[in-house]
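Accompanying notes for the structure given below.
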Amino acid sequence: MNAYLQSVIENVKKKHGNEPEFVQTVEEVLSSVGPVIDRHPEYEKLDLLNRMVEPERMFTFRVVWMDDEGKYHTNIGYRFQFNGAIGPYKGGLRFQKNVYPGIIKFLGFEQVFKNALTGLPIGGAKGGSDFDPAGKSDAEIMRFCQSFMTALYRYIGPDVDVPAGDMGVGSREIGYLYGQYRRLKGTFENGVLTGKGMSYGGSLIRPEATGYGAVYYLQNVLEHEGESIKGKTIAASGFGNVAWGVCKKAAQLGAKVVTLSGPDGYIYDKDGVVTDEKINYLLEMRSSGHDKVKDYADKFGVEFFPGKKPWTVKADVVMPSAMQNDVHMEEAKQIVANNIKYYIEVANMPTTNDALNFLRQQKGMIVAPSKAVNAGGVATSALEMAQNSERLVWTKDDVDEHLHHIMNTIYKMSVDAAEKYDLGYDLVAGANIAGFERIAEAMKEQGIF
Ligand code: 2IT
């Protein structure tokens, strides 16, 4: 490996030993870009790699809120504005009790490359809080969001930094966050947040976009292999917004998702999550706050496997759509043993690096990386920003067509980038390189920063 590259990775390992998720994503991304560094010696002169692994700005803030009993609680809020070279910082907020700087940093770093890969003018950021939404009342969620935004509003804006949702932050939270932003600023700047409700500037298809985009990407992969999506079975994990969108688009195209998972285990539905009733029930399960996928098994009379993940199930396609590090080495071996040809990451960093490398080495297996596969979500957020600044609303078909086109382009850019550096058909390296090239050029042209 290129010596400069190696030294940057070593530095990150030394400096961030207590943030393993961040080290993991830096190693994953940078291990792809050696050929680019070799071809562009000026990148080392400009020390681009050390600059890229250091967020432009990151800050924490105190978020104090009162529960329904009048008790005070104190959480930490985060916003890491990682890289703004190609557009305003853009990325979600995650509210989850395990949030700490290493999680926000890994998500922020991934977001930079993902956003660049969309071809749209959006920089990368991430934020959130260690606030645990489980079991909180609506009023508690509202007070928390108001307090969070009171601390954050000075540092964001439609041309500065545009947060959105992630785990634990959906349209309800975005609504409360935006209400507080508007109250504090006294302006209707709704381009400051994406994932909004339709009544105040949200975009049609944004809720579905991550899952829809993932399935459009899968279609590109299947087409490359001369196969059709019709009749394919998909083993997915998770049962949140992303898995929901995957189920919905897969069903529309004649494929079926046969597994879903939660912290309590997984369900196997041999008929697939294909009817409107089943697909809509996922939304109910999510908003109930139970966080249990067993509810699905109880309602539809399918099998439930407590405490297990769905990676032993035989299917045509695997789509991990839950969270980071969902598939480890043991599970990757199981997936290979089951002769699964398509490994399509959907959640952010769902695979450990050793498992990912193992899967990539399998002959005949196609591995697609999440930063390309799930980029339809943030891309549609950028379409929401465009609609807000144009002060108009696009039709559902308009947004869906744009999304579809963007996903095809992301796929093609990834394939082309890998070919450009003689790496063959490598969707993982291609995605990293295509994103990297765009950011590197923008940083180079903008001078020292
Ligand atoms: O991981 C992601 O890309 C998101 N959570 C969506 C970010 C966004 O700004 O829509």
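Can you list the residues of the stretch 196-230 with backbone N under 19 Å from a point 7 Å past the Cα of Val393, pointing along Cα to Cβ? What the label zone holds, given the 19 Å backbone N cut-off, is 196-209. Its Cα centre serving as origin, the stretch 269-352 has a Cβ charge dipole (Lys and Arg +1, Asp and Glu -1) of approximately 240 debye.
Structure note, pairs Lys270/Lys341; Lys230/Lys292; Lys309/Lys341; Lys270/Lys309; Lys45/Lys114; Lys71/Lys97: Cα-Cα distances above 23 angstrom occur for Lys230/Lys292; Lys45/Lys114.
Ligands, DNA and RNA left out, the 1.4 Å accessible surface of the stretch 24-164 is 51% carbon and sulfur atoms.
With every protein chain left in place, what is the accessible area of Met323 in Å² (1.4 Å probe, nearest 10)? Roughly 80 Å² of Met323 is accessible to a 1.4 Å probe.
What the Cα atoms of the stretch 257-354 give is an Rg and a Dmax of 13.4, 39 Å. Which of these, Tyr181, Tyr421, Tyr212, has the largest mean-square fluctuation under a Gaussian network model of the chain (Cα springs below 10 Å)? Largest GNM mean-square fluctuation: Tyr421. Only protein heavy atoms count here; under a 1.4 Å probe, His73 has an accessible surface of about 50 Å². In sequence order, the stretch 298-309 has phi-based couplings of 4, 6, 10, x, 10, 6, 10, 10, x, x, 10, 9 Hz under the Karplus curve 6.51 cos²θ - 1.76 cosθ + 1.60, θ = phi - 60°, and Gly or Pro positions carry x.
Using +1 on the beta carbon of Lys and Arg, -1 on that of Asp and Glu, and nothing else charged, what's the dipole of the chain about the Cα centre, debye to 20? Before the final figure, lay out each step's value.
Values: 50 positive and 57 negative charges, 117 e Å.
Around 560 debye, computed over the chain.
Compute, for the stretch 212-351, the length of the dipole vector about the Cα centre, with Cβ point charges of +1 (Lys, Arg) and -1 (Asp, Glu) only. Units Debye, rounded to 20. Write out the running numbers ahead of the final one.
Details: 16 positive and 18 negative charges, 23 e Å.
The dipole magnitude comes to about 120 debye.
For Lys248, the aspartates and glutamates whose Cα falls under 12 Å of its own Cα, not counting residues fewer than eight places away in the same chain, are Glu208, Asp276, Glu277.
Note the full-extension length gain between Glu223 and Gln362 as 0.36 nm times their separation in residues minus their Cα-Cα distance, in nm to one decimal.
Numbers: separation 139, 0.36 × 139 = 50.04 nm, distance 2.00 nm.
This chain segment gains 48.0 nm when fully extended.
As a calculated quantity, the FRET efficiency between Lys15 and Arg183 at R0 = 35 Å, using C-beta atoms, amounts to about 0.30. For the set Lys97, Lys299, solvent exposure ranked by accessible area (probe 1.4 Å, protein chains only) runs largest to smallest as Lys97, Lys299.
Helical content of the chain, expressed as a calculated mean residue ellipticity at 222 nm, amounts to -15500 deg cm²/dmol (DSSP H runs of 4 or more residues, -39,500 (n - 2.57) each, divided by residue number, nearest 500).
Treating each Cα of the chain as an identical point scatterer and summing with the Debye formula, the log10 of I(q)/I(0) at q = 0.06, 0.08 Å⁻¹ comes to -0.23, -0.42.
For the stretch 165-238, how big is Rg over Rh, using alpha carbon atoms and the Kirkwood form of Rh? Walk me through the numbers on the way to the answer.
Numbers: Rg = 17.6 Å, Rh = 14.9 Å.
Rg/Rh: 1.18.
With all protein chains in place and ligands, DNA and RNA left out, the 1.4 Å accessible area ranks Phe61, Phe449, Phe300, Phe436 as Phe449, Phe300, Phe61, Phe436, largest first. At the residue level, Leu184 shows approximately 70 square angstrom of accessible surface with a 1.4 angstrom probe and all protein chains present.
If you stretched the chain out fully between Lys45 and Ala386, how much longer would it get, using 0.36 nm times the residue separation minus the C-alpha to C-alpha distance?
Details: separation 341, 0.36 × 341 = 122.76 nm, distance 3.64 nm.
The Lys45-Ala386 span can extend by a further 119.1 nm.
Take every Cα pair under 8 Å whose residues are at least 6 apart in sequence, average their separation, divide by the length of the chain, and the relative contact order is 16 percent.
What number comes out for accessible area per residue over the chain if the probe is 1.4 Å? Units Å², please. Before the final figure, lay out each step's value.
Working: 18020 Å² over 449 residues.
About 40 Å² of surface per residue is accessible.
The values are calculated or read from the model by the stated rules, or taken from the named source; none is laboratory data. Values in this document were obtained by computation on a predicted structure and should not be read as measured data. Heads up, the Cβs are rebuilt from the backbone with ideal geometry, glycines too, and the neighbour counts pull from every protein chain shown. Surface areas here come from the heavy atoms of the whole protein model, side chains and all, with no ligands, DNA or RNA. Shrake-Rupley method; radii C 1.70, N 1.55, O 1.52, S 1.80 Å.
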